[in-house]
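The values are calculated or read from the model by the stated rules, or taken from the named source; none is laboratory data. Just so it is clear, the model here is predicted, and its values are computed rather than measured. Cβ placement follows ideal geometry from the backbone for every residue including glycine, while neighbour counts extend to all protein chains displayed.
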Amino acid sequence: MSAPRVLHWVFNYVPQWEAVSKEIADLRSGLDGEIDSSLLSINDKAFGIKLRGREKRVPLPHSLPFYPLAKWYASRFDINHLFASAGERLLTPVIARRNGILTVAKDTINLRALERNRQALRRMRAVVVQGERDREVMRQIGVHKEALRLIRPGIPLAPYREAASPFTILFASSPFNALDFLSRGIYLITAVAAQLPEIRFLLIWRTHHLPRLERVLASTKVKNVVIRSGVIEDMGAVYDSVHAAVLPGLEHRSFIPCPRSGLEALAHGKPLLLSHLVSLAPSVAQSRAGVAFEPTRNGLKAAVLELQADYSAYQANTQHYIAENFSPATHLEMYRRLYQRFG
C-alpha cells in the first residue's frame, strides 16, 4: 500500500516564529515515510517565490494569479489538508471539494465569516478542532459528528528548572499586526507592570513593530518590563528562567486556539496566567495549572498575586496537564489514522 499523497496548505509558514507552522513541521517530520508530504505556503510575511521542491512558497500579493490553478493543483493529491481559521474564504471552498481536511488552527475574526463558510465546512471530509469552544461552534453550524475530530497539538515535556528571583512572567506571543496591540493585551501588561514594580515582565518580541512597543514602554515609564527581540535560538532556556507565562487576550480571537508559547511554558513546568477569553482557560483553570482572569487591570493584577502566593500548588499541576491533554504520540496517531482513512 503506497503512502497517501498529502498537500499541507497554510498561510505564513514561518516555523521559527509561528505556532501553527511549528505544528505542521512536527506533523510532517513525525509521519515522515508514512505519508508523501508536500507543503504550499501563501505568505505575506516572507518575500520571494519558491516553486521547486516539496515546500513551495508564494507571497500573498503574487498568489492571486495562481488561484485559478488551485483546483488543478489540489487534484494531484490524495488529501488536501488546510491549517487556517474556519472563516478563511480563499482556499476553503477549493479544499472542501478535493478530499479536504481543515484543521481550525486559528480563530475567526467574527462569526459572520464562519457563517459564510458554512456549506464549505460541511463538505469537508474532516474538520479538526483543537478545543471545546470550536467543537461546539462546528456542531452548531451542522458539521456532521462523523467528520468532526478533536486533535490537540503535541507538546513534549521538558525538565523543570526552578527560576531565580525576581518573580518573572513571560509574554511570548507578540503580534504580527500593529493593530493587535490592544487585543493581545500589550497595554494591559504595561499597565499592570506599573502597579507591580517588584514583578518582572519579559517580552519575547518578533522584529515586527518593535519601535512601537518601545514607544509604549517609554510613555508608561515602567522599569520592570524587559524586551528580547529577534529569533531566540534556545527558547527552552527562556522558559527555564521565568516563573510563569501570560496570555492576556481581550477577545476570543486574540490568540490561536492552542497558543504554543503558553503550552510550552506549561511543558517546562511554568504555570499560566490567561484571560478567560483564551480557549485554554477553562481546562487550565480546572486543572489548577494556572489562573484565569478577567482581561482588566484589576483582573490581571489579582491573578498575578494569587499565583505568586500559591505558586507551588499551581506549579505541581503544569506538566501533568500537558501530558494528559497534549501528548505528541497521541497527536501523531490521530492524524495517522485520519490520513489512512481518507488517503
Residue match in segment 237-257 (condition: surrounded by fewer than 21 Cβ atoms within 10 Å (Cβ to Cβ), hydroxyl-bearing (Ser, Thr, Tyr), more than 20 Å from Val192 (Cβ to Cβ) and within 20 Å of the chain's Cα centre (by Cα)): no
Wholly within segment 29-111, strands (runs of 3 or more DSSP E) carrying at least 3 residues that are touching a Gly at 6+ places or on another chain (Cβ under 7 Å): 79-85
Segment 280-295: number of residues that are free of Cβ contacts under 8 Å to residues at least 60 places away in the same chain, among the aliphatic types (A, V, I, L, M) and under 14 Å from Phe326 (Cβ atoms): 2
Residue within segment 168-182 that is hydrophobic (A, V, I, L, M, F, W, C), surrounded by 15 or more Cβ atoms within 10 Å (Cβ to Cβ) and in a helix (DSSP H, G or I) present: yes
Close pairs (9 angstrom Cβ cut-off, 6 or more residues apart or separate chains): without any contact (Cβ under 8 Å) to a residue 24 or more places away in the chain and of a type outside the set (Val, Ile, Thr) in segment 261-279, surrounded by fewer than 24 Cβ atoms within 10 Å (Cβ to Cβ) and part of a loop (DSSP other than H, G, I, E, B) anywhere: His276/Glu294; His276/Pro295
Among the candidates Glu198, Glu132, residue that is surrounded by fewer than 20 Cβ atoms within 10 Å (Cβ to Cβ), closer than 25 Å to Gln315 by Cα, at pLDDT below 95 and out of contact with any His (no Cβ under 7 Å at 6 or more places or on another chain): Glu132
Checking Gly142 against (1) of a type in the set (Gly, Ala, Ser); (2) over 30 Å from Lys71 (Cα atoms); (3) surrounded by fewer than 17 Cβ atoms within 10 Å (Cβ to Cβ), the condition it does not meet: (2)
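Going by the conditions given, is Glu264 of a type outside the set (S, T, N, Q) and under 26 Å from Ile24 (Cα atoms)?
Answer is yes for this residue.
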Residue check, Arg149 in contact with a strand residue (DSSP E or B) (Cβ under 7 Å, 6 or more places away or on another chain), at pLDDT 95 or above and within 20 Å of Gln340 (Cα to Cα): yes
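Tell me which residues, restricted to segment 12-25, are part of a helix (DSSP H, G or I) and touching a Leu at 6+ places or on another chain (Cβ under 8 Å).
The answer is Ile24, and nothing else.
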Helices (runs of 4 or more DSSP H) contained entirely in segment 263-341, each with at least 2 residues that are in contact with a helix residue (DSSP H, G or I) (Cβ under 9 Å, 6 or more places away or on another chain) and among the basic types (Lys, Arg): 297-309
